[in-house]
Amino acid sequence: MDGQRGWMIGAMLGASLVGGAASNVLLTTRLAAQGGDVVTASQVNLVDGSGRLTAVLSGSDERGLTALTFYGPDRSVRAVLGVESDGTPALRFADPAGAVQLSATVRGSDASVTVGDEAARSAVFGSLGGTPVLGLSHDGRARLQLELGTGGQPSLNLQGEPTLNLLGAPGQRAIGLSVDADGAPFFSLYDPSGAPRLVMGAVQGTTVMNLGDGTRPRLVLGVTDQGEGTLGFYDAEGTLVRLEGAEPSP
């Protein structure tokens, strides 16, 4: 019985040694296949002639980035070129105080470049969902947005029209300017909730001003290209109840 037990232990040790040797052979072969000039390391530090650290190439730094980081004379981080753990590339440039003043990234198919301190004042240029967008922010809050895409008149659903929005409450439009694909200009005012209250435009020679309750127009003023003026009153259901200056069309 003891002999059989000893044989089993010996066979297990032998298999372990063979497995370890095979693993070493595979690892050596894999590294050798990379060529003699390949260096494998988790981090590489670059120094100048005086031994001062100037850059670090890291497989995973304290931010979780695979990155090349550059340092200034005071050892502050001045530039980072890296890839986040989810594969998102990132480029960042910082001032001597360490605040990022320029950054660029690509998330999915959306690309953006930010200039300035995001916590103070900054400008963002990007392409979001195929729509070019330019934004200005103050204290981390967007205040102006310029885009070229679906436009500021959702009911028209036009592509390629320029739209300029001045933002009041966070994420809410206060004033909007747009030009549709046919060249018709629009000016819009919104309440704090983002609902349209006044829309002015010039469409096919007719000047129109709509005053609404936030859901639909309630008072519509218009001047046709023949100089005829009209004033229409609408109820809460959007039905014309009175028209001044012209006979209502069927």
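Any read-out appearing in this document is the output of simple, stated calculations on the displayed coordinates, not a laboratory observation. As the structure is a computational prediction, the values presented were derived from the model and not from experiment. As a convention, Cβ positions derive from the backbone with ideal geometry for all residues, glycine included, and neighbour counts pool all protein chains shown.
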Rounded if a/c is under 1.5, else prolate if a/b beats b/c, else oblate: with a ≥ b ≥ c from the C-alpha gyration tensor eigenvalues square-rooted, which is the stretch 41-108?
-> oblate
Label point at S50 placed 7 Å out along Cα→Cβ; residues across the stretch 58-97 whose backbone nitrogen lies under 14 Å | 72-76
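By its C-alpha gyration tensor, with a ≥ b ≥ c as the square roots of the eigenvalues, how is the stretch 158-239 shaped: rounded for a/c under 1.5, else prolate for a/b larger than b/c, else oblate?
oblate
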Fewest first, what order do E244, E161 take by the number of other Cβ atoms within 10 Å?
-> E244, E161
Separation between the T224 and L57 pseudo-spin-labels, each 7 Å from Cα along Cα→Cβ, expressed in nm?
-> 7.5
FRET efficiency, 1/(1 + (r/R0)^6) with R0 25 Å, evaluated for V241 and M209 via beta carbons = 0.85
A student applying the Cα gyration tensor rule (rounded when a/c is under 1.5; otherwise prolate if a/b is larger than b/c, oblate if not) would label the stretch 75-217 prolate
